[in-house]
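Notes follow the structure.
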Amino acid sequence: MTTPPLILWFRRDLRLDDLPMLSAALATGRPLIPVFVLDPETEALGAAAKWRLGLGVAEFARRLEAAGSRLVLRRGAAAAVLLALVEETGAAGVMWSRLYDPAAKARDTGVKSALRARGLLGESHAGHLLHEPWTVATGQGGFYRVYTPYWRTVRGMDVPAPVPAPERLPAPARWPVSERLEDWRMGAAMRRGAAVVAAHVRVGEAAARVRLAEFLSGPVEGYDSARDLPAVAGTSRLSENLTYGEIGIRRVWHAAMAAFHRGAAGAETFLKELVWREFAYHLLHHSPHIAERNWKPEWDAFPWQGDGPQAEAWRRGMTGEPFVDAAMREMYVTGTMHNRGRMIVASYLTKHLMTHWKIGLDWFADCLVDWDPAANAMGWQWAAGSGPDAAPYFRIFNPATQVEKFDPKGAYRRRFIAEGQRAAGAEARAFFEAVPLSWRLDPARPYPARIVDLAEGRARALAAYAGRGGVA
Ligand code: FAD
């Protein structure tokens, strides 16, 4: 008699290194069947995230093959697909790594009860975070709403050492058939933009490990100041890989801790940033409405503008505000945006244009290859003033003074804004190749005039805020 196999359901954990679910599965001694399911929740991803996930899945399938295994692809509602696979393969059950956004939690709870109701194994494991959100609590036993005390608690908590990838995965006697990834057309919504963004992504476990090593062997030293300069490659760029689990956060944490202990300047700030990611998940788990509604309900009555020509100019990088436009174009061309840019464009949209943060959040979700449900929601509500531990609404970034401070020589603007340059660089020109033809953009035209005067926009936002009695 052959041992019944176990199904490993991969989602945002496309790696073999440091994966608790895999360690647990290997300990059972069973043959393993890795599976990826294109379910409605995954279908609903934004264009860039879905396209990038497709690249990650393809690379992970190659990784598994090199380890004597395969990645079985199936499409449909997760519970139905997994139950059918269990039946087909005689598997003992399914294991997966936990996710924390409301849609994933609802789906996974359904899968777990469907499996268990049939007497099968349905087991979820940690793997996406340093600490499960419910394991970090305030002195009163509640959840943290403010980052600094959260950081103080988390910095000293024990993080298990990462477990290296196994050389090989035990294969089943017979493999179930797999669908073809090409048939899923995961890049369909990227239109012509995919070819442009492809030059900027670094996909898979090996690429992520190289990124980490590169960062910790040099840029970490200058991270404290360079991380604020969008023209400088001063950050790790690991968000793209962390979001698909191509590198484990525990591995990143331990490597950064080692850098800290050897005295690398900037290592502690980098550890703090990793904890911002944790904090975002802590908030998302404990107050899931952060992704959908004003975290502070007092903001529900604020007179946000809806979608319209100004929001559209913002999306298209055509506001006439150079820092804003450079950042919006950076996102369109590279699939990511520097953190300073994210803060500036989010502040500009929600304050100078007084547009609802949800409109910005949705556009980020469509354009970012590093889209993350927790970090994006926290970032937008922080910028708008409606979130926990948010920037006060009356503190309005001035994009013109920000540009003097953080892009003093104009390198970032030149890199992404072609208009007005005699010999614009490849990335500035690539924006015009990537955007839909229907936008009718032309680099030969003059750079647009400001859609909003900064002083007027600021005054309007402050008046609205004061009119509501300073809602925050
Ligand atoms: P590094 O500076 O090298 O930092 C290392 C890691 O720490 C990052 O990869 C990320 O995982 C984490 N981190 C750093 N800053 C933050 C932060 N402010 N919040 C949460 N985690 C952080 N990050 C995403 O990963 N996905 C998003 O969809 C996203 N949307 C954002 C939206 C807004 C409006 C704002 C203001 C920020 C958003 N961020 C998001 C956070 C941050 O901008 C990115 O994580 C960062 O720019 C990624 O670049 P990096 O990997 O080089 O970061």
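Conditions tested, residue by residue: (1) at pLDDT 95 or above; (2) surrounded by fewer than 17 Cβ atoms within 10 Å (Cβ to Cβ); (3) over 18 Å from T42 (Cα atoms); (4) not aliphatic (A, V, I, L, M).
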position	(1), (2), (3), (4)
V94	yes, no, yes, no
Y100	yes, no, no, yes
G110	yes, yes, no, yes
R116	yes, yes, yes, yes
G119	yes, yes, yes, yes
H131	yes, no, yes, yes
T135	yes, yes, yes, yes
G139	no, yes, yes, yes
G142	yes, yes, yes, yes
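Per-residue answers, yes or no, for (1) of a type in the set (D, E); (2) under 27 Å from A231 (Cα atoms):
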position: E292; (1), (2): yes, no
position: D300; (1), (2): yes, no
position: G341; (1), (2): no, yes
position: L349; (1), (2): no, yes
position: T355; (1), (2): no, no
Being among the acidic types (D, E), away from the ligand (no atom under 11 Å from the Cβ) and outside any loop (DSSP other than H, G, I, E, B): is that true of E214 here? yes
Might you let me know whether the stretch 441-454 holds any residue that is of a type outside the set (S, T, N, Q), assigned to a helix (DSSP H, G or I), under 24 Å from L353 (Cβ atoms) and at pLDDT 95 or above? yes
Looking at the stretch 212-224, can you tell me whether even one residue there is of a type in the set (G, A, S) and either under 20 Å from E330 (Cα atoms) or crowded, with 16+ Cβ neighbours inside 10 Å (or both)? no
Quick check on the stretch 188-195. Is at least one of its residues in a loop (DSSP other than H, G, I, E, B) and either at pLDDT 95 or above or in contact with a Pro (Cβ under 7 Å, 6 or more places away or on another chain) (or both)? yes
Is there a residue in the stretch 129-140 that is farther than 22 Å from R11 by Cβ and either within 14 Å of the ligand (Cβ to nearest atom) or of a type in the set (V, I, T) (or both)? yes
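Here's the yes/no breakdown for (1) more than 16 Å from the ligand (Cβ to nearest atom); (2) touching a Leu at 6+ places or on another chain (Cβ under 7 Å); (3) closer than 16 Å to A326 by Cα:
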site: A365; (1), (2), (3): no, no, no
site: L368; (1), (2), (3): no, no, yes
site: D372; (1), (2), (3): no, no, no
site: A384; (1), (2), (3): no, no, no
site: A390; (1), (2), (3): no, no, no
site: T401; (1), (2), (3): yes, no, yes
site: A430; (1), (2), (3): yes, no, yes
site: P448; (1), (2), (3): yes, no, yes
site: A461; (1), (2), (3): yes, no, no
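Conditions tested, residue by residue: (1) out of contact with any Pro (no Cβ under 6 Å at 6 or more places or on another chain); (2) at pLDDT below 95; (3) more than 13 Å from the ligand (Cβ to nearest atom); (4) over 23 Å from R152 (Cα atoms).
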position: A256; (1), (2), (3), (4): yes, no, no, no
position: F260; (1), (2), (3), (4): yes, no, yes, no
position: G263; (1), (2), (3), (4): yes, no, yes, no
position: R277; (1), (2), (3), (4): yes, no, no, no
position: G308; (1), (2), (3), (4): yes, no, yes, yes
If you go through the stretch 311-342 one residue at a time, how many are within 19 Å of R429 (Cβ to Cβ), more than 14 Å from the ligand (Cβ to nearest atom) and assigned to a helix (DSSP H, G or I)? 6
Go through the stretch 322-380 and give me each residue that's within 22 Å of S287 (Cα to Cα) and in contact with a strand residue (DSSP E or B) (Cβ under 8 Å, 6 or more places away or on another chain). H356
Confirm whether G387 is outside any helix (DSSP H, G or I), over 19 Å from A311 (Cα atoms), small (G, A, S) and more than 21 Å from the chain's Cα centre (by Cα). no
All positions within the stretch 149-167 that are free of Cβ contacts under 8 Å to residues at least 40 places away in the same chain and within 29 Å of Q381 (Cα to Cα): P149, R152, T153, G156, M157
Expected output for the stretch 29-40 (first residue free of Cβ contacts under 8 Å to residues at least 40 places away in the same chain and among the hydrophobic types (A, V, I, L, M, F, W, C), partner surrounded by fewer than 22 Cβ atoms within 10 Å (Cβ to Cβ) and in a strand (DSSP E or B), Cβ below 7 Å, 6+ apart or cross-chain) is F36/L73
Of all residues being surrounded by fewer than 24 Cβ atoms within 10 Å (Cβ to Cβ) and touching a residue at least 60 places away in the same chain (Cβ under 8 Å) in the stretch 338-357, which is nearest to A459 (Cα to Cα)? Just the residue, please. M354
Give me the residue from the stretch 229-254 that is free of Cβ contacts under 8 Å to residues at least 60 places away in the same chain, crowded, with 21+ Cβ neighbours inside 10 Å and among the hydrophobic types (A, V, I, L, M, F, W, C) and, out of that set, nearest to the ligand (Cβ to nearest atom). L238
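May I ask you to verify whether G56 is modelled with pLDDT of 95 or more and surrounded by fewer than 21 Cβ atoms within 10 Å (Cβ to Cβ)? I'd like the intermediate steps shown before the answer.
Numbers: modelled with pLDDT of 95 or more: yes; surrounded by fewer than 21 Cβ atoms within 10 Å (Cβ to Cβ): no.
So G56 does not fit the description; no.
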Kindly list, by first and then second residue, each pair from a residue in the stretch 374-386 that is closer than 16 Å to M354 by Cβ to a residue that is among the aliphatic types (A, V, I, L, M) and more than 9 Å from the ligand (Cβ to nearest atom), limited to pairs with Cβ atoms under 8 Å and residues at least 6 apart or on different chains. Q381/I290; Q381/A390; A383/A390; A383/A391; A384/A390; G385/A391; G385/A472; S386/A472
Which residues, taken from the stretch 255-272, are surrounded by fewer than 18 Cβ atoms within 10 Å (Cβ to Cβ) and either in contact (Cβ under 8 Å) with a residue 12 or more places away in the chain or of a type in the set (G, A, S) (or both)? M257, A258, G263, A265, T269, K272
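The values are calculated or read from the model by the stated rules, or taken from the named source; none is laboratory data. Note that the structure is predicted; figures quoted are calculated from it, not measured. No Cβ is skipped: glycine too gets one built from the backbone with ideal geometry, and neighbour counts run over all protein chains shown.
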